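Read through the structure below, which is laid out as structure tokens, and then see the notes.
Bear in mind these aren't lab numbers, they're just calculated from the coordinates by the rules spelled out. Nothing here was measured: the structure is a model prediction, and the numbers come from that model. Neighbour counts run over all protein chains shown; Cβ positions are idealised from the backbone, glycine included.
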Amino acid sequence: MKFDNSLPLKERLKKRRRLKRIRFFSIFIVILFIVWFSINVFGNHDQKDKLVSNQATPGTSTNISEGVWRAPSASPTSTPANTPLRKSQSKENLIVLGLEKELNDYLRHCNGQYGVYLIDLVDNNEFGINYLDTYNAASTTKIPLNLYLYQKVLEGAIQLKDTLTYKKEDFEEGTGEIQYRSFGESYTIRELSKFSIVYSDNVATNMLFRIIGRDTLKRYMRDLGGVVVDEKENVSCPRDMALYMKLVYTFYKKNDKLGPELMKNFENTVFNDRLPAQLPKSIKVAHKTGDQVKAVHDIGIIFTGKPYVLAVMSKNVEAEEGAKVIAEISKKVYDKMKTR
């Protein structure tokens, strides 16, 4: 940096400072331009790459109030991913997009909270609302319990003709027939399984737990892919319960003898004020209800020409209102699904 030596010292210093400021602002502007260029050019490429990647490998959203419609899992034990799904415009997805809005609009005016999970058993697409929220499972736990029981029968570890004796420690009030009978009476495993499903018999269930073990059942539920399983509490979520019922359907399809027997019990339950209530009488529904204080549930397989699983669980609801809401949800789902 050279200056005219003929200038006074004070003028030379002013000129030096002025040139430094010009240089500083020039460099600053160049840096700003580089930053802007990087963000707007390279950044946009990154966003496009991410968008392509997301469209190629969609996942599912977790624990949200909106519905999702996702592709089949790689295996029955996989758990939902944290990536929101990008919905395609296939016929099936358009049906569910309409169903999502209809159910959300309906549930917005209902008291309490409801969780819904739908599995199309033809193409394995799945749809859910509040589907990973935790709910008191109540008697819906009898679904994985009986699935485990029949799996052990298939393996030869348990015989349906074997008997168990009704003991005092098995007694429990609530639903069921055996509570009114005498201690010391014996029942076959087949009878206890039927009673636990058809009548939601709590005593029969407690007797079955004597040969299975509650801890064993919890491990089994996790092995199947259950994500809401607690060692101490009887809790679950709509997504898990729908999965267990889907696996009941798989067992039914793969085992000519034991499968139809197990499915028949679910088809003949005496509690039909929910999922089947508003459906045509010609439609078979294999299902299991659950009731607890402020909790009303129903998990089932609806045997249309293209069968599907529907799980509805609730909390902070009254019994009569909850049953009515579940029946309404079931009818709305049926009306959409039958158009596939």
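For region 258-272, just list the computed ³J(HN,Hα) in residue order, Karplus coefficients 6.51, -1.76 and 1.60, θ = phi - 60°, integers in Hz, with x standing in for Gly and Pro.
Result, rounded to whole Hz: 6, x, x, 5, 5, 5, 4, 4, 5, 6, 10, 4, 7, 9, 10.
What order do you get for 259-267, 107-115, 124-132 when each peptide is scored by the mean count of other beta carbon atoms within 10 Å, highest first?
Details: 259-267: 18.2, 107-115: 16.2, 124-132: 23.3.
Answer by packing, highest mean first, reads 124-132, 259-267, 107-115.
Report, by chain and number, residues whose modeled amide H sits under 5 Å from the one on Ala137, excluding near sequence neighbours (fewer than 5 apart, same chain).
Counting only residues 5 or more places away or on other chains, the set is Val235, Ser236.
Which whole-Hz ³J(HN,Hα) couplings does region 239-248 yield from phi under the Karplus relation 6.51 cos²θ - 1.76 cosθ + 1.60, θ = phi - 60°, glycine and proline marked x?
Each residue of region 239-248 in turn: 4, 5, 5, 5, 4, 4, 5, 4, 6, 4 Hz.
Starting from the amide H of Tyr308, placed 1.01 Å from N in the peptide plane, find each other amide H under 5 Å away whose residue is 5 or more places distant or on another chain.
Counting only residues 5 or more places away or on other chains, the set is Leu121, Ile302.
Once both labels are modelled 7 Å past Cα along the beta-carbon direction, what's the Ile283-Glu261 spacing in nm?
3.0
Could you go through region 100-106 in sequence order and give the Karplus-derived ³J(HN,Hα) for each residue, using 6.51 cos²θ - 1.76 cosθ + 1.60 with θ = phi - 60°, rounded to whole Hz, and x for Gly and Pro?
Values per residue, Gly and Pro as x: 4, 5, 4, 5, 5, 5, 5 Hz.
Taking the mean number of other Cβ atoms within 10 Å as a proxy for protection, how do you rank 179-185, 149-155, 189-195 from highest to lowest?
For the peptides 179-185, 149-155, 189-195, the packing ranking is 189-195, 149-155, 179-185.
Label-point separation (nm) for Phe183 and Lys161, each offset 7 Å from Cα along Cα-to-Cβ?
3.1
Can you classify region 69-337 as rounded, prolate or oblate using the Cα gyration tensor, where a ≥ b ≥ c are the square roots of its eigenvalues, rounded means a/c under 1.5, and otherwise it's prolate if a/b beats b/c and oblate if not?
Since a/c reaches 1.5 and a/b is larger than b/c, the shape of region 69-337 is classed as prolate.
Hey, got the dipole for region 153-221? About the Cα centre, +1 on K and R Cβ, -1 on D and E Cβ, debye to the nearest 20?
180
Amide H of Lys284: which non-local residues (sequence gap of 5 or more, or other chain) have their own amide H closer than 5 Å, using H built in the peptide plane?
For Lys284, the qualifying residues are Phe303.
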